[in-house]
Amino acid sequence: MNAETRMGERRHELLADMVQLAERVLAEQEVPPAAAAVAVSALVDRLTSHWGGQNIYFPTDYQWRLARVELQIYDAFTGNNQVELARIHGMTESGVRRLIARVRAKLASFKSEQQLDMLEPPSES
């Protein structure tokens with residue numbers, strides 16, 4: 001398999017993953033499937049036409065994995081204000097609950113990764 005074929009496969013894998021992710025997130029936000037399909041198609045079309053041909057690097061730093069709005073909602077969460085946060089951010093109450101759980105899981109995962117990194121001996125320069 002040549003490099004061009006591998007790049008094409010990776011590109012299609014990325015776009016398929018993006019479609020699946022966007023559809024799942026929109027379903028979690030209770031967007032009707034037909035509307036979600038249209039939105040996802042428009043998103044992928046826009047990204048491929050606007051960014052096509054570019055080399056893009058996705059950082060793995062957790063701060064980039066969480067959208068600013070997710071962190072704003074998480075920071076504003078007091079333990080019993082899901083209804084208020086849902087109203088402010090145009091979400092459903094269950095959507096806010098899922099978002100809080102998702103952010104908690106991501107933060108816990110990153111804290112674990114950082115703790116494991118501390119066990120590594122320092123590199124000698």
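The values are calculated or read from the model by the stated rules, or taken from the named source; none is laboratory data. Not measured: the values here are computed from a predicted model. Here the Cβ is made from the backbone with ideal geometry for all residues, glycine too, and neighbour counts use every protein chain on show. Just the protein is used for accessible areas: all its heavy atoms, side chains included, with ligands, DNA and RNA removed. Shrake-Rupley method; radii C 1.70, N 1.55, O 1.52, S 1.80 Å.
Key figures
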| quantity | calculated |
| --- | --- |
| Leu43 within 30 Å of Lys111 (Cβ to Cβ), under 20 Å from the mean Cα position of the chain (by Cα) and of a type outside the set (Val, Ile, Thr) | no |
| Tally, over region 95-125, of residues that are open to solvent by 100 Å² or more (accessible area, probe 1.4 Å), within 20 Å of Leu85 (Cα to Cα) and either at pLDDT below 70 or in contact with an Asp or Glu (Cβ under 7 Å, 6 or more places away or on another chain) (or both) | 0 |
| Test: residue in region 48-59 that is β-branched (Val, Ile, Thr), open to solvent by 50 Å² or more (accessible area, probe 1.4 Å), within 20 Å of Leu107 (Cβ to Cβ) and out of contact with any Lys or Arg (no Cβ under 9 Å at 6 or more places or on another chain) | no |
| Matching residues in region 83-93 - criterion: being at negative phi and without any contact (Cβ under 8 Å) to a residue 40 or more places away in the chain | Val83, Glu84, Leu85, Ala86, Arg87, Ile88, His89, Glu93 |
| Residue within region 69-80 that is surrounded by fewer than 11 Cβ atoms within 10 Å (Cβ to Cβ), among the hydroxyl-bearing types (Ser, Thr, Tyr) and modelled with pLDDT under 70 present | no |
| Lone qualifier among Glu30, Glu23 - being closer than 29 Å to Ala86 by Cβ, in contact (Cβ under 8 Å) with a residue 12 or more places away in the chain and open to solvent by 90 Å² or more (accessible area, probe 1.4 Å) | Glu30 |
| Which numbered condition Val40 misses (of (1) at positive phi; (2) assigned to a helix (DSSP H, G or I)) | (1) |
| Matching residues in region 81-94 - criterion: being modelled with pLDDT of 90 or more and open to solvent by 50 Å² or more (accessible area, probe 1.4 Å) | Val83, Glu84, Arg87, Ile88, Glu93 |
